[in-house]
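Since the structure comes first, as structure tokens, the remarks are kept for the end.
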Amino acid sequence: MNKSWTAKKVVPEVIAEVPSSKLEVKYPEVAVNEGNVLKPVQVKSPPQVSWKYDENSLYTLCMTDPDAPSRIKPTAREWHHWLVVNIPETSVSKGEILSEYIGAGPPKGSGLHRYVLVVYKQPGKITCDEERLTNKSGKGRAKFSIKKFAEKYNLGQPVAGNFFEAEFDDYVLKLYKQLGN
């Protein structure tokens, strides 16, 4: 895996170690490639994701922004954008959605944000007590920690991951309107 995980400080700020395999993340116009810069307008819809999986296993997928509201002052670290558990193999649509997908929405003037996508292999089916979050509000998404979530549900280290960076573009204003801001 690419050294950008440590160069961009995703390791150790978000996860403890670089995942053992690459998570394939494809949006309609672009693919994520370990730190490439994408535009919020390009990542507004949930991507297609795939990873090396074991048959009959369940997985957790998370997308999180450790740079909220800015990388210099991440007082809302981590703002999670997507959280799905109990995914059979790589069928995300068959998993249990805890937080509906929200694309990148870095505030104007906040610079580049890292958007980290990780997959964990679950020890079995998990029952989560977290509030279910829609993509119509940002409520309940700030100050999340994928490390703490993984620890709470005994998920171990991520088995796959990828990340991109993005900064404000005009699409973010539409996203904020969707979220009621």
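Figures for the structure shown
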quantity: Using a Förster distance of 30 Å, the FRET efficiency for residue 21-residue 151 (Cβ separation, nearest 0.05); calculated: 0.90
quantity: Alpha-carbon Rg/Rh ratio, for the range 4-178, with Rh computed the Kirkwood way; calculated: 0.93
quantity: Candidates per trypsin sites (Lys or Arg not before Pro) in the range 109-168, loop by DSSP, up to 11 other Cβ within 10 Å; calculated: 125, 136, 139
quantity: Distance from the range 2-30 to the range 133-181 (C-alpha centre basis), Å; calculated: 15
quantity: Point-to-point label distance, residue 108-residue 45, nm (Cα→Cβ direction, 7 Å offset); calculated: 2.8
quantity: Computed FRET value (nearest 0.05) for residue 36 with residue 100, which takes r as the C-beta separation and R₀ as 22 Å; calculated: 0.35
quantity: Net lengthening on full extension, residue 174/residue 9 (0.36 nm per residue, minus Cα-Cα); calculated: 56.4 nm
quantity: The range 4-178, dipole about Cα centre (Lys/Arg Cβ +1, Asp/Glu Cβ -1), debye to the nearest 20; calculated: 460
quantity: Extended-chain gain in nm, criterion 0.36 nm per residue less alpha-carbon gap, residue 29 and residue 143; calculated: 38.0 nm
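The numbers here are math on the coordinates, done by the rules we state, and not lab data. Source: prediction; values computed, not measured. Neighbour counts run over all protein chains shown; Cβ positions are idealised from the backbone, glycine included.
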